[in-house]
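A.B. asks: Shown below is the structure under consideration.
The values are calculated or read from the model by the stated rules, or taken from the named source; none is laboratory data. Please read these numbers as outputs of a predicted model, since none were measured by experiment. Backbone-built Cβ (ideal geometry, glycine too); neighbour counts: all protein chains shown. Remember, those area values only see protein heavy atoms, side chains included, never the ligands or the DNA or RNA. Shrake-Rupley method; radii C 1.70, N 1.55, O 1.52, S 1.80 Å.
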Amino acid sequence: MTATAAEEHDPALRGAHAQRWLILGVICLAQLTVLLDNTVLNVAIPSLTGELHASTADVQWMINAYSLVQSGLLLSAGSASDRYGRKKMLITGLALFGAGSLVAGLAQSSGQLIAARAGMGVGGALLITTTLAVVVQIFDDTERVKAIGIWATVNSLGFAAGPLIGGAMLNHFWWGAIFLVNIPVAVLGLIAVARLVPESKNPSGDRPDLVGALLSTLGMTAVVYAIISGPEHGWDSGRVLLTAFAGVAVLTGFVLWEIHVPHPMLDMHFFRDQRFTGAVAGAVLVAFGMTGSLFLLTQHLQFVLGYEPLEAGLRTAPLALTVVVLNLTGLGARLVPRVGTPATIATGMGLLSAGLAAIALLGGRGYGGMLLGLVVMGAGISLAMPAMANAIMSAIPPEKAGVGAGVNGTLAEFGNGLGVAVLGAVLNSRFAALVPGAVGAASLPAALAAAEGPGERAAVTDAFASGLETSQLVGAAAVLAGGLLAAALLRRAEGARTD
């Protein structure tokens, strides 16, 4: 009996269908808490650099430790949820996430905070995979696109609202409060999940692929470390080249392992489906552009334009508001049946690219151009993300819903880490090349502290603004290329199915 058939004969699950929208609200609450922590640290960067004496690389690792651990474990967590029960994994994930938040909130050094963030990533991996898997299981085909649209709205809201919530917290409390606030939400989520969410699983699910999880985590960590440390140590330094080579080698080993292992956490045959491959390319680059952009913008708003943390968070809110408004109106869900998935994704990613370009070209000296770019980015995300998530889940068998959710989450988290690392590296390289030689500092706070007089300070901020412009244009080009590639592959797949 397949997982779907088993669930159809499960009395608890049959009753749960009548409460599917309430269940969706519960799991979205759990998911929102996890996703907020991808960007909530962005507005705390000035506090962290001052109170914990964190370097630029330390700050990037505080952000990337969370996303990289998640991306390495999501596939294995999805497989475990299919086999052992999605409700059990939700409860376990909430407990681990709450405990990690407590440790992070009380951290006394950069190293402690990085370690705590990595621990939170373990709980986050369990949560992200099970939320989408439960959505797929409790909604039928007629409502699934709309439900995934709401799920994707929360997904985007979590990333975009992090700076706003973080800014509000920092306006009244110390930086550790942005983690401690997760604890009551985790407790509320535990109670709600235990009472409302039905258990569902695939009794014949494959065993978790622990070796694959280890290889993917090590490989991605090494690659992103090389990207982060490139500007500091030099792109041609032995440390950077050796780490990059090791990362690529480990990821190659991961692919070979997945091809030959009896129970892979990622079946490489999925990549033969061009729907899957196209959606994969798009999902990575949407996350790349959105998260990398927010990482840079929150620094620009505070360091260059002089806004306080709360003010900076409020000025990134239009991105989240645009996504929420357009997705709750069902625009994406209505557009997919009319114009098709390829055209919807191409349109969405084209708008996201245009928004990044607008920020680069119009937002360097004031907020007006930045506002326009954020709204256009939000419109693009609201169209592209639900269509891509639905395309990925449609290309994977229903009994593998957890694995499918793991694939989708892995792509998003990997894109998040790469966005911060790549666009941050472009910014740092450009900034280091333009900062006045007399100042001689590679980070903006250090360069401003070392600058003598208004002239040097203006030159430092000009260098940072130029680095921001360059990095956003790089992001815009990558997102546009990904959108065109995803649309082409999806259109070709649709053509092949109709032949």
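A.B. asks: Out of curiosity, is V286 over 24 Å from G402 (Cβ atoms) and touching a Leu at 6+ places or on another chain (Cβ under 7 Å)?
C.D. replies: Numbers: over 24 Å from G402 (Cβ atoms): no; touching a Leu at 6+ places or on another chain (Cβ under 7 Å): yes.
No; evaluated as a whole, the condition is false for this residue.
A.B. asks: Out of the residues in the range 238-287 that are modelled with pLDDT of 90 or more and among the small types (G, A, S), state the one that is farthest from N390 (Cα to Cα).
C.D. replies: The qualifying residue farthest from N390 (Cα to Cα) is A246.
A.B. asks: Quick one: is V136 within 21 Å of G25 (Cβ to Cβ) and touching a residue at least 24 places away in the same chain (Cβ under 8 Å)?
C.D. replies: Values: within 21 Å of G25 (Cβ to Cβ): yes; touching a residue at least 24 places away in the same chain (Cβ under 8 Å): yes.
Judged against the criteria, V136 is a match.
A.B. asks: Within the range 305-317, identify whether any single residue is aliphatic (A, V, I, L, M) and farther than 29 Å from L48 by Cβ, and answer yes or no. Let's see the steps before the verdict.
C.D. replies: Taking the range 305-317 as the starting set, the residues that turn out to be aliphatic (A, V, I, L, M) are 305, 310, 312, 314, 317.
Filter once more, keeping what is farther than 29 Å from L48 by Cβ: none.
No, the range 305-317 contains no residue that is aliphatic (A, V, I, L, M) and farther than 29 Å from L48 by Cβ.
Here is a yes/no grid of residues against (1) basic (K, R); (2) within 17 Å of A379 (Cα to Cα); (3) surrounded by fewer than 21 Cβ atoms within 10 Å (Cβ to Cβ); (4) without any contact (Cβ under 8 Å) to a residue 60 or more places away in the chain:
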{"position": "G292", "(1), (2), (3), (4)": "no, no, no, no"}
{"position": "E308", "(1), (2), (3), (4)": "no, no, yes, no"}
{"position": "L314", "(1), (2), (3), (4)": "no, no, yes, no"}
{"position": "L326", "(1), (2), (3), (4)": "no, yes, yes, yes"}
{"position": "V339", "(1), (2), (3), (4)": "no, yes, yes, yes"}
{"position": "T344", "(1), (2), (3), (4)": "no, yes, no, yes"}
{"position": "T347", "(1), (2), (3), (4)": "no, yes, yes, yes"}
{"position": "L361", "(1), (2), (3), (4)": "no, no, yes, no"}
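A.B. asks: Taking the condition of being open to solvent by 10 Å² or more (accessible area, probe 1.4 Å) and in contact (Cβ under 8 Å) with a residue 24 or more places away in the chain, how many residues in the range 268-286 meet it?
C.D. replies: To start, the set of residues in the range 268-286 that are open to solvent by 10 Å² or more (accessible area, probe 1.4 Å) comprises 268-275, 277, 280-281, 283-285.
When the remaining residues are screened for being in contact (Cβ under 8 Å) with a residue 24 or more places away in the chain, the result is 270, 273-275, 277, 280-281, 283-285.
Here the count works out to 10.
A.B. asks: Restricting to the range 430-458, count the residues that are at pLDDT 70 or above, assigned to a loop (DSSP other than H, G, I, E, B) and surrounded by fewer than 17 Cβ atoms within 10 Å (Cβ to Cβ). Even if it seems obvious, please write down each step before you answer.
C.D. replies: Taking the range 430-458 first, the residues at pLDDT 70 or above are 430-435, 444, 446-458.
In the following step, the residues that additionally are assigned to a loop (DSSP other than H, G, I, E, B) were identified as 435, 451-452.
Cutting the leftovers down to surrounded by fewer than 17 Cβ atoms within 10 Å (Cβ to Cβ) gives us 452.
The total comes to 1.
A.B. asks: In this structure, does S67 turn out to be outside any loop (DSSP other than H, G, I, E, B), among the hydroxyl-bearing types (S, T, Y) and at pLDDT below 75? Explain how you work it out, then say what you get.
C.D. replies: On the way: outside any loop (DSSP other than H, G, I, E, B): yes; among the hydroxyl-bearing types (S, T, Y): yes; at pLDDT below 75: yes.
It is true that S67 is outside any loop (DSSP other than H, G, I, E, B), among the hydroxyl-bearing types (S, T, Y) and at pLDDT below 75.
A.B. asks: Every residue in the range 81-118 that is buried (at least 24 other Cβ atoms within 10 Å of the Cβ), of a type outside the set (D, E, K, R) and at pLDDT 85 or above, please.
C.D. replies: Residues of the range 81-118 that are buried (at least 24 other Cβ atoms within 10 Å of the Cβ), as a first pass: 81-82, 86, 89-90, 93-94, 97, 100-101, 104, 113, 117.
Then keep just the ones that are of a type outside the set (D, E, K, R); that gives 81, 89-90, 93-94, 97, 100-101, 104, 113.
The answer is M89, L90, G93, L94, F97, G100, S101, A104, L113.
A.B. asks: Here's something else I'd like to know. Would the range 176-193 turn up any residue that is open to solvent by less than 50 Å² (accessible area, probe 1.4 Å), outside any helix (DSSP H, G or I) and modelled with pLDDT of 80 or more?
C.D. replies: yes
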